[in-house]
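To start, the structure itself, in structure tokens.
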């Protein structure tokens with residue numbers, strides 16, 4: 001049988017030389033560093049893909065489920081809302097549990113839990129089972145991103161964390177795209193229950209893979225050599241290592257008072273709340289806008305609505321790379337602040353351009369291709385939002401110390417409260433038969449939310465770590 005020592009030997013036997021050592025690397029670690037950290041990031045990204053695949057597939061299958069089980073639109077709205085309710089409710093407890101128990105155990109349990117509840121949907125015979133399943137999916141997924149942010153802090157050098165966070169978060173975006181593409185195809189070739197059965201088995205397989213390959217820290221992994229450990233932690237004389245101190249894990253109670261008294265964390269919570277108020281329109285109302293205002297047919301508006309998320313993935317990866325690039329050049333503080341401040345205002349500009357287009361060329365008075373022009377400002381909003389997402393992750397990793405997952409969960413909770421509130425605000429502004437003025441008013445409110453988020457971004461202080 002091939003053991004881990006045999007697999008590890010080729011990595012450990014590599015000859016070291018000064019010209020091949022990474023910048024800031026010391027002579028204390030012999031041999032070239034192994035690259036297990038890249039495998040870890042890849043597996044966590046796969047978890048993010050599965051998470052959004054199983055989260056979004058219910059929305060794609062909604063009409064088929066309602067028709068089969070004779071459910072009303074109101075009942076289906078309760079089914080969809082159940083996820084966000086439990087997701088926000090469990091966010092902080094799940095994040096704290098990850099800090100206490102470690103990401104290997106908690107993430108594995110989270111994935112198995114939400115996957116089994118996804119499979120439960122395939123057995124539903126009424127609205128009650130569907131609501132219970134969606135509540136369970138929300139509970140399971142609540143701690144996924146906070147735990148992922150915590151493990152990236154332990155597995156990725158400080159100078160590369162923003163990009164690694166961008167890769168993982170872009171996996172979630174890709175999962176949402178796959179949910180739209182695959183679920184409809186599977187339903188068309190079988191029935192609405194089959195996607196949930198398939199995704200359940202996929203999720204369980206990924207959970208097993210994660211448990212077998214992942215360890216909570218590089219020190220626990222048998223295939224990580226000393227050189228890679230030093231590369232991740234940073235030598236004592238490394239400039240970046242001095243700025244981002246890596247405290248040891250502890251079993252301290254949840255840091256409620258330090259969180260409640262940290263002005264910077266409240267600013268982070270406010271900007272995430274306001275960002276989701278401005279952003280959620282793109283996630284749920286873009287097809288309705290193209291139909292109501294521009295009269296675009298179902299197939300075309302679906303394609304038009306899918307373009308901004310693809311642009312968002314590109315923006316996310318670019319933002320992660322730029323955030324890391326800025327860190328040694330403008331300092332830790334502004335490498336987190338600057339992407340957030342700038343992109344909140346460019347997102348507001350995107351909504352402003354949409355308003356300007358409608359006033360310059362009123363809908364229905366322009367050429368047939370005019371509705372496609374609106375994809376540009378919507379893509380600007382999406383790309384701006386996702387561009388700064390890695391900066392939020394990196395900020396939480398900087399500030400969190402021993403409680404990275406808890407800090408990320410705290411901010412995500414407020415962001416999801418914003419996401420839960422946004423549809424009620426949209427419906428209040430639009431009503432049943434919105435006019436162009438109503439849509440533009442909503443765009444103005446979304447732009448204002450982004451502007452306020454940009455102002456709160458100026459209050460972020462990643463040098464004030466959680467005590």
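The values are calculated or read from the model by the stated rules, or taken from the named source; none is laboratory data. Note that the coordinates shown come from a computational prediction; the quantities given were computed from them, not determined experimentally. Ideal geometry is used to build each Cβ from the backbone, glycine not excepted, and the neighbour counts take in all protein chains shown.
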Lone unmet requirement of (1) under 20 Å from the mean Cα position of the chain (by Cα); (2) in contact (Cβ under 8 Å) with a residue 12 or more places away in the chain for residue 181: (2)
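Every residue, every condition in (1) surrounded by fewer than 19 Cβ atoms within 10 Å (Cβ to Cβ); (2) at pLDDT 90 or above, yes or no:
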{"position": "128", "(1), (2)": "yes, yes"}
{"position": "132", "(1), (2)": "yes, yes"}
{"position": "145", "(1), (2)": "no, no"}
{"position": "154", "(1), (2)": "no, no"}
{"position": "163", "(1), (2)": "no, no"}
{"position": "196", "(1), (2)": "no, yes"}
{"position": "209", "(1), (2)": "yes, yes"}
Condition check for residue 403: out of contact with any strand residue (DSSP E or B) (no Cβ under 8 Å at 6 or more places or on another chain) and closer than 16 Å to residue 270 by Cβ: no
Selection status of residue 89, at pLDDT below 90, outside the structural domain of residue 390 (by TED's automatic domain parsing) and within 19 Å of the chain's Cα centre (by Cα): yes
Candidates 303, 345 - the one that is under 30 Å from residue 168 (Cβ atoms) and out of contact with any helix residue (DSSP H, G or I) (no Cβ under 9 Å at 6 or more places or on another chain): 303
Test: residue 454 is at pLDDT 90 or above and within 16 Å of residue 344 (Cβ to Cβ): yes
Subset of the stretch 217-246 (residues that are surrounded by fewer than 21 Cβ atoms within 10 Å (Cβ to Cβ), modelled with pLDDT of 85 or more and not in a helix (DSSP H, G or I)): 217, 222, 223
So residue 94, is it part of a helix (DSSP H, G or I), in contact (Cβ under 8 Å) with a residue 40 or more places away in the chain and more than 23 Å from residue 211 (Cα to Cα): no
Candidates 362, 434, filtered to the one that is in contact (Cβ under 8 Å) with a residue 40 or more places away in the chain, buried (at least 16 other Cβ atoms within 10 Å of the Cβ) and over 26 Å from residue 321 (Cβ atoms): 434
Test: residue in the stretch 443-459 that is part of a loop (DSSP other than H, G, I, E, B) and under 28 Å from the mean Cα position of the chain (by Cα): yes
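Quick grid of which residues meet (1) surrounded by 16 or more Cβ atoms within 10 Å (Cβ to Cβ); (2) in contact (Cβ under 8 Å) with a residue 12 or more places away in the chain; (3) in a helix (DSSP H, G or I):
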site: 292; (1), (2), (3): yes, yes, yes
site: 309; (1), (2), (3): yes, yes, yes
site: 317; (1), (2), (3): yes, yes, yes
site: 330; (1), (2), (3): no, no, yes
site: 339; (1), (2), (3): yes, yes, yes
site: 368; (1), (2), (3): no, no, no
site: 379; (1), (2), (3): yes, yes, yes
In the stretch 319-328, the residues that are closer than 16 Å to residue 169 by Cα and surrounded by fewer than 19 Cβ atoms within 10 Å (Cβ to Cβ): 321
Evaluation of residue 408 against (1) over 14 Å from the mean Cα position of the chain (by Cα); (2) over 19 Å from residue 454 (Cβ atoms) (one fails), failing number: (1)
Residues (touching a helix residue (DSSP H, G or I) at 6+ places or on another chain (Cβ under 8 Å) and without any contact (Cβ under 8 Å) to a residue 40 or more places away in the chain) located in the stretch 416-429: 429
Which numbered condition residue 191 misses (of (1) modelled with pLDDT under 90; (2) more than 20 Å from residue 403 (Cα to Cα); (3) in a loop (DSSP other than H, G, I, E, B); (4) not assigned by TED's automatic domain parsing to the domain that holds residue 157): (4)
Any hit, the stretch 46-55, residues being modelled with pLDDT of 85 or more, more than 15 Å from the chain's Cα centre (by Cα) and either at negative phi or buried (at least 18 other Cβ atoms within 10 Å of the Cβ) (or both): no
Check on residue 172, closer than 27 Å to residue 400 by Cα and either in contact (Cβ under 8 Å) with a residue 60 or more places away in the chain or not in a helix (DSSP H, G or I) (or both): yes
